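Scroll down for the structure; my scribbles are underneath it.
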Amino acid sequence: SRKDRRCATSLLARRSCAYSATMRCAIFLAGVAAVQLETQMNANPIRRVVSMLQSMQKKVEKEAEEEEALFAKFECSCDTSTKELTASVADEKQQIDDLSTAIETDSAQKKQVDEELVKHNAERDEANKVVAEATSLRKKENKDFESESADLKANLDAMKKAVAAIEKGTSSAFLQTTDGAALLKAVSGAADDDKETITEYFQQGSQGAGSDEIVGILKTMVEEMSDRLAEIEKAEAEAAANFAGLSSAKSKEIEAATQAIEDKTARTGELAVKIATDSNDLKSVQGALAADESYLEELTKDCAEKKKLYEEAKQTRADEVVAIADTIKILNSDDALELFKKTVPSPSLLQVQESNKALKSKALSMIASARGSVASPQLDLISLALRSKKVSFDKVIKMVDNMTEALKKEQSDDDTKNDYCKEELHKAEQAKKELQHKLMTLSNEMQDHNDNLDRLRNQVAELEQGIKDLDKAVADATAQRKEEHDEYVQEAAENRGALQILEFARNRLNKFYNPKDYKEAPKRELTEEERMYSAYGGDIGTTPAPGGIANTGAMAFVEVSAHSSDEDKPAPPPKVGGFKKNNASKGVLGMIDMIVQDLKTEVQEAEFEEKNAQEDYEKLMADSAAKRAADSKSISAREGAIAEREQDLQEAKDTSSAKMKELQENQEYTSEVHQTCDFLLENYSKRKEARAQEMDGLKKAKEILSGADFSLVQTSNFLRRRQ
């Protein structure tokens, strides 16, 4: 990790500083060592061993303390990370359980809502079907009622008039009238005897059966028919009331089912979106859980291994301390010290093969040749020791060995650091390339997301504009259709008025010129209330004269200005000599017939055009509604895609920001490595060559100094004891 690399870099810096500090302190330590060396050379060897053991003991104990402190920090880090990861894993498992439960619950709820939608649709269809069947049945019942009611009323009217004719004594001529024909039709359903009796009476007049018997029969029939009329009117009223109640109840059911369908359609859509969102969250949490569990397993294993190694090292160090302590105790005992005084003499320098001056000169020459162009305080210290008259060759050789070991260690450190620097710089460069490649890939992805978002937003905008244009076109078409329909209604009303006037005029002419073609004005159609009122004996009045233009019943649709001319003056009285019908009436009636035929043709054409226009308009409305629904669905789908693309874009942006931060950290780390390593990498060969030159000179100097013949002699006390 970056933290570990920083620590490694800091370690290299500290080693470099430690190396410089060693160089600065070498002269001081060498001076102290030169003063103490003679004393150590002349001291008791056992004492020197004990001192070395005590130094080793202190060093081991210090290392144990340092390692214990480091392990405590490591153990604390392990515990903290393990607790955090364990809590995170537990939380993620809980989230997975919650999301799984939510998805399962929402899926079950959506399934239930979908089933309820099917049920509500079926209920609404069934209610519509019941209403349609009830409406059809009601129309049939009403039609049957109207037919029977009309027959009963006509029959009652004919019978009442027949009774009145019998009572007035004018029954013989009654059958020749329209009411007489209606009477024969009315009695056709009576018993054969009654029917025959009534027919004979009216055909024979007063010569037939008695009028009282006939009146009785007719009144009995009137009473029966009145009862039947009242019965069917009551049944009709009840059927109408039942139909109204059924229609009202079914309308409420249809309205409730429609509202439930709309609500549950919205609910099932919301549940579908929630299920999809929870499913995505579940996948993310499952991925995070797998990563955390894997890391927790690795962390637990690593911490356990490190703890095991620490316990082994701790036990080994404890054994080492015990061994050193036992050895010191053995060597420091009074009996052992007393024995060592008698048996182990102190060393003394007796003689050498060559003179010290010659050896020192050669050794100094070798050390001088090892200097090279680089200043070396250690070499200066050794040269100073050689020039000193009080420093023995053993001390100088020891200094040479120490310096040689130091140079080897420095070279080893440089080699390690050189390899480390090259490896770290290579890793940093590779990481930089990978990050740059990843950033380029993310940039392309973000560009693709932006392009897709622009395309989707443009499509949504086009669809929304299309819906607006479609709504405007539908509104314009509706306004145009309404205007055309209003014109058709106006024109149809005017044509009907014109036809009505022409028919009325032709009928009026026929009344005078062609009586056989004259048609009586139809009786006024009674309302339901009037029929019921009349059935119970109420007086609804006579049929009013038709209003409108010239009392024809036709209404005026245009304003006609009043005018006055000679034509409005009354015609002069006819000439004396008798009246004769005008033959020009035939031409007038023929022209009226032509005009009527033209108007009927025009009405048929207008109806055909209106029907086609209405069908085209309904087809346009259906097609527009289907297109609007499809476009709205496309907008919803694209808006969902836009939301997904925006989420992907945000994730790519977040990843890009993280990678940019990693790239910046990589650059900072590379800069730190360069600051630490550039000097070593640039001067590695020179430093290595200089050390090799120094070690070669030291080796030759040691060989020169080691060529001297040293011999040890016993001290005077030892000689006296031997004598």
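The values are calculated or read from the model by the stated rules, or taken from the named source; none is laboratory data. From a predicted model like this one, the values you see are computed outputs, not experimental measurements. A quick note on method: Cβ atoms are made from the backbone with ideal geometry, for glycine too, and the neighbour counts reach across all protein chains shown. What goes into the accessible areas is simple: the full protein's heavy atoms, side chains included, and nothing from ligands, DNA or RNA. Shrake-Rupley method; radii C 1.70, N 1.55, O 1.52, S 1.80 Å.
Net charge near Ala288: determine it from the other residues with C-beta under 12 Å of the C-beta of Ala288, scoring Lys and Arg +1 and Asp and Glu -1. Its environment carries a net charge of -3. The Cα atoms of segment 476-522 give a gyration tensor whose axes a ≥ b ≥ c have a/c of 1.5 or more with a/b greater than b/c, which makes the shape prolate. Suppose R0 equals 30 Å. What FRET efficiency, 1/(1 + (r/R0)^6) with r the Cβ-Cβ distance, do Glu270 and Met621 give to the nearest 0.05? That pair, Glu270 with Met621, gives E of 0.50. Over segment 426-487, the alpha carbon radius of gyration divided by the compact-protein estimate 2.2 N^0.38 Å works out to 2.49. Each Lys or Arg adds one and each Asp or Glu takes one away; over the other residues whose Cβ falls under 14 Å from the Cβ of Lys59, this sums to -3.
Pair-distance distribution of segment 42-122: all C-alpha pairs, bin width 10 Å, starting at 0; shares per bin in whole percent are 14, 15, 13, 12, 11, 9, 8, 6, 5, 3, 2, 1. Residue by residue, segment 623-636 carries 3J(HN,Hα) couplings of 4, 5, 5, 5, 5, 5, 5, 5, 5, 5, 5, 5, 4, 4 Hz when phi is fed to the Karplus relation 6.51 cos²θ - 1.76 cosθ + 1.60 (θ = phi - 60°); x denotes Gly or Pro. Here the 3J(HN,Hα) profile of segment 239-254, calculated from phi with Karplus coefficients 6.51, -1.76 and 1.60 at θ = phi - 60°, is 4, 5, 5, 4, 5, 4, x, 4, 4, 4, 5, 5, 5, 5, 4, 5 Hz, Gly and Pro shown as x. Taken over segment 254-309, the ratio of Cα radius of gyration to 2.2 N^0.38 Å equals 2.35. Ile275 sits with roughly 30 Å² accessible to a 1.4 Å probe, with DNA, RNA and ligands left out of the calculation. Counting only protein heavy atoms and using a 1.4 Å probe, the accessible area of Phe74 comes to about 60 Å². Basic side chains Lys and Arg get +1 at the Cβ, acidic Asp and Glu get -1 at the Cβ, and with that the dipole of segment 593-715 about its Cα centre reaches some 1980 debye.
Taking all protein chains together and rolling a 1.4 Å probe, Lys250 ends up with roughly 40 Å² accessible.
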